[in-house]
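Enquirer: Right, I'll just put the structure down here and ask away after.
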Amino acid sequence: MRVSEFYQTRVVAVDADQPDPALLAEAAAILVAGRLVAFPTETVYGLGANAFDAAAVDRIFAAKGRPASDPLIVHIYSLAQLDEIAVEIPPVAWALAHHFWPGPLTLVLPKHKRIPANVSAGLETVAVRMPNHKVPHLLLKLADCPVAAPSANRFARPSPTLAQHVFDDLAGQVELILDAGATTIGMESTVLDLTVPVPTILRPGGLPIEQLRVVVPNVTYSPRYANLDEKATPAPGMLLKHYSPNVELLLFDGTAAAASAALKAEALLLQAAGKRVGVMVEDEQAEALAALGLTVAALGQRENVTAIAANLFARMRDLERAEVDVILTRTFGREGLGLAVWDRLVRATEGRVIHVL
Ligand code: TXA
Ligand code: MG
């Protein structure tokens with residue numbers, strides 16, 4: 001057993017556009033000292049530690065209750081850092097980095113021996129990304145080390161898009177939370193494996209596959225979840241149960257009209273059976289469903305998958321807090337960010353998708 005430490009967690013506001021250098025210098029000193037800082041990125045909040053310090057990285061796993069088999073992403077602020085994290089970097093990696101960094105794309109590359117084994121769960125590879133946010137940019141620059149950072153939630157919980165979510169999950173486990181308000185994308189980065197013959201998406205995320213294809217036309221994606229498809233070798237960290245609220249979730253997949261109708265019918269049945277029912281739906285459905293006595297979390301307008309992605313994790317947490325017995329929601333296509341939304345919802349329901357014709 002690891003010794004668990006307890007911190008008086010401080011949450012400090014920081015301006016996303018003009019972060020206070022004195023505050024970030026203080027945060028950087030905590031990282032350099034081998035302790036943990038939670039910070040915003042354009043995707044979700046991360047829980048950071050010095051990636052060169054194995055003991056500091058261990059603290060991340062302990063704080064999150066995360067299995068040691070689930071590898072972390074190393075964050076950098078400058079391309080010059082890439083050579084000290086990865087080796088045998090293929091030309092396509094440089095092309096992608098120039099095109100999409102800073103941004104919501106994580107590249108899996110052969111690992112440099114300087115990166116401790118626990119960062120990448122004992123794998124020979126390492127995941128790297130450069131966040132597009134001024135707070136981590138300056139923080140990493142001042143700390144002058146790469147920073148290993150998973151999403152700053154307890155293991156298997158929805159990723160945090162607000163500093164409050166980090167506090168709710170990790171109070172006492174992290175020394176400092178930098179609060180720069182809501183993250184803009186709200187979905188984690190797209191993870192792309194470049195150590196295999198054909199560049200392969202391991203996790204759809206904030207950078208849509210359609211955009212990746214512009215630079216890597218042969219990029220492929222086929223979901224490899226642990227415990228759904230027994231024959232497929234799961235991608236590391238792709239446990240099916242993930243991103244889950246502490247409440248049962250029912251997911252309806254089909255055309256917008258069919259899935260919405262099935263969702264509403266089931267919600268009313270459950271309500272009639274005495275359950276407190278939460279529904280996570282597009283804005284257009286919100287009023288009518290609320291009028292039926294359902295607890296509604298509105299995700300954004302139906303055609304605005306960017307808004308739906310940005311709001312998904314926060315609305316899951318809202319419904320949890322409203323103490324509903326069950327949450328009903330639907331998929332929102334697979335185009336653009338819709339694919340990441342689909343992936344997170346499928347995993348939140350552990351693959352129990354209700355297909356509606
Ligand atoms: O947007 C994001 O990516 C956020 C922010 C904080 O940067 N981070 C994040 O980290 O989502 P995390 O730990 O929640 O997810 C990292 C996932 C792992 O679960 C695994 O699926 C994949 O990235 N990963 C990391 N290293 C890998 C490796 N060496 N090989 C394959 N997959 C890896
Ligand atoms: Mg995570």
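Enquirer: Each residue of region 19-30 in order: what ³J(HN,Hα) in whole Hz does its phi give by Karplus 6.51 cos²θ - 1.76 cosθ + 1.60, θ = phi - 60°, with x for Gly and Pro?
Expert: 3J(HN,Hα) across region 19-30, in whole Hz: x, 5, x, 5, 5, 5, 5, 5, 5, 4, 5, 5.
Enquirer: Once the piece of chain linking VAL215 and ASP83 is laid out straight, how much longer is it, given 0.36 nm per residue of separation minus the C-alpha distance between them?
Expert: This chain segment gains 45.4 nm when fully extended.
Enquirer: Per-residue ellipticity at 222 nm for the chain, helices alone: DSSP H runs ≥ 4 residues times -39500 (n - 2.57), over residue total, nearest 500 deg cm²/dmol?
Expert: My calculation for the chain gives -9500 deg cm²/dmol from helical runs alone.
Enquirer: Within straight cross-link reach of LYS64, meaning Cα distance under 18 Å, which aspartates and glutamates are found once same-chain residues fewer than 8 apart are removed?
Expert: GLU5, ASP53, ASP168, ASP169, GLU175, GLU188
Enquirer: Next up: Cα convex hull of the chain: mean projected area in nm², to one decimal?
Expert: 18.0
Enquirer: If each residue of separation counts as 0.36 nm, what is the full-extension length gain between GLU287 and ALA33 once their alpha-carbon separation is subtracted?
Expert: So the chain would gain 86.3 nm between GLU287 and ALA33.
Enquirer: Roughly how tilted is helix 54-64, in degrees to the nearest 10 and between 0 and 90, from the longest Cα axis of the chain?
Expert: Compared with the principal axis, the helix lies near 10 degrees.
Enquirer: Separate question: Could you pull out every residue, at least 5 positions away or on a different chain, whose amide H is within less than 5 Å of the one on GLN173? Hs are placed 1.01 Å off N in the peptide plane, and Pro or chain starts have none.
Expert: Sorted by chain and number, the residues that satisfy this are TYR7.
Enquirer: Shifting gears a bit: Amide H of ASP179 versus every other amide H placed in the peptide plane: which residues, excluding those fewer than 5 positions away on the same chain, fall under 5 Å?
Expert: Residues meeting the criterion, in which the H sits 1.01 Å from N, are VAL12, ALA13, VAL14.
Enquirer: Quick check on region 251-357: what are the equivalent-ellipsoid semi-axes from the Cα gyration tensor, as sqrt(5λ), descending, whole Å?
Expert: Square roots of five times the eigenvalues give 20, 15, 14 Å.
Enquirer: Once the piece of chain linking ALA182 and VAL353 is laid out straight, how much longer is it, given 0.36 nm per residue of separation minus the C-alpha distance between them?
Expert: That pair, ALA182 and VAL353, stretches by 58.6 nm at full extension.
Enquirer: Another question, if that's okay. Accessible area per residue of region 151-199 at 1.4 Å probe, in Å²?
Expert: Accessible area per residue: 30 Å².
Enquirer: For region 87-94, in order, what is each residue's ³J(HN,Hα) by Karplus, 6.51 cos²θ - 1.76 cosθ + 1.60 with θ = phi - 60°, in whole Hz (x at glycine and Pro)?
Expert: Values, residue by residue: 10, 6, 6, x, x, 5, 5, 5 Hz.
Enquirer: Follow-up question, since we're still on this one. Based on the Cβ-Cβ distance from ALA265 to ALA322, what FRET efficiency comes out when R0 is 30 Å, to the nearest 0.05?
Expert: Efficiency at R0 = 30 Å is approximately 0.90.
Enquirer: Still on this structure, please answer the following. Could you give each residue of region 192-209 its phi-based ³J(HN,Hα) in whole Hz, using Karplus coefficients 6.51, -1.76, 1.60 with θ = phi - 60°, and x for Gly or Pro?
Expert: Taking θ as phi minus 60°, the curve returns 10, 8, 9, 9, 10, x, 10, x, 10, 6, 8, 8, x, x, x, 9, x, 4 Hz for region 192-209.
Enquirer: Amide H neighbours of VAL37 under 5 Å, at least 5 residues apart or on other chains, H built in the peptide plane: list them.
Expert: It is GLY48, by chain and number.
Enquirer: What is the distance in Å between the Cα centres of region 258-308 and region 136-167?
Expert: Distance between centres, Cα-based: 31 Å.
The values are calculated or read from the model by the stated rules, or taken from the named source; none is laboratory data. The shown structure was predicted, so the numbers you read here are calculated from the model rather than taken from an experiment. Glycine also receives a Cβ, built like all others from the backbone with ideal geometry; neighbour counts cover every protein chain displayed. To get the accessible areas, we keep the full protein, side chains included, count just its heavy atoms, and leave off ligands, DNA and RNA. Shrake-Rupley method; radii C 1.70, N 1.55, O 1.52, S 1.80 Å.
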